[in-house]
Amino acid sequence: MSSMNDSSDIYAQNYGGSATAPGNFRPFASPYLNYDPGYIPATQPEFIFLEGANKQRGRFELAFGQIGASCMVGAGLGGASGFYNGLKATTMAGQTGKLRRTQMINHIMKKGSATANTFGSVAVIYSGFGVILQLVRGTDDDLNTVIAATATGLLYKSSAGLRKCGMGGAIGFGVSALFALWNSRDKLSGLQQFNPAQR
C-alpha cells in the first residue's frame with residue numbers, strides 16, 4: 001500500500017516528476033487537474049461582458065433599483081412621520097385601546113403611502129430624463145445627472161406656479177451639483193495638488 005509521499009506517486013509527475021526523499025511532503029495534485037494551476041491568474045473578472053459591451057450599467061438598468069429604493073425610503077420616512085403624528089394626535093384626543101391602535105395604523109399607512117408615492121414619482125421622472133439624456137448624448141456623466149435633476153424639479157412643480165417651479169428646479173440643481181462634486185472629489189483633489197511651476 002503506497003502513501004502520499006511514496007516515490008511511486010503518479011500524481012507527482014505533474015510537479016516535475018522528480019522524487020523527493022522519503023518523509024518529505026510533496027503537494028498532492030488532483031487527477032482532475034491536467035494543467036498547472038500556476039497559469040490561473042490570482043484575480044478573475046467579476047463579470048463577463050460581450051465583446052464591445054459597456055462594462056458599466058447604464059441609466060436604464062439603474063432606474064429600477066433607484067425607483068424601488070426611493071419608494072422604500074419614502075415609505076420608511078413617511079411611516080415614521082405618521083407614527084409620530086398619530087401618537088401625538090391620539091394622546092391629545094385621549095384615545096386608548098383598540099381605537100388608538102386603529103388611528104395609529106391609519107396615520108402610518110396614510111403618511112407612508114403618500115411619501116412613498118412622492119419619492120417614487122420623483123425617481124421615475126429623474127430616471128426617465130437620465131435615460132433620454134444618455135441616449136441623446138451617447139454618454140453618462142455628471143452633466144446628465146445635473147440636467148436630469150434640474151428638469152425633474154421643474155417638471156414636478158410645474159403645476160404649482162412659476163415660483164414653485166423655479167424653486168423645484170433650484171433644489172434639483174443644488175442637490176445634483178453637490179452630488180456631482182462629491183462624485184468627482186478625486187479629480188478635484190488632483191487639481192488642487194497640480195502646480196504649474198513644476199512642469
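Just so you know, all these numbers are worked out from the coordinates, no wet-lab data involved. Quick caveat: nothing in here was measured; it's all calculated off a predicted structure. Every residue, glycine among them, receives a Cβ derived from its backbone with ideal geometry; neighbour counts consider all protein chains shown.
General observations
- Set of lysines with alpha-carbon distance to K157 below 19 Å, sequence-local pairs under 8 removed: none
- Hz values of 3J(HN,Hα) by residue in the range 164-176 - Karplus curve (6.51, -1.76, 1.60), Gly and Pro given as x: 5, 4, x, 5, x, x, 5, 5, x, 5, x, 5, 5
- Protection proxy ranking of 141-150, 92-101, by the mean of other Cβ atoms within 10 Å over each peptide's residues and highest first, is 141-150, 92-101.
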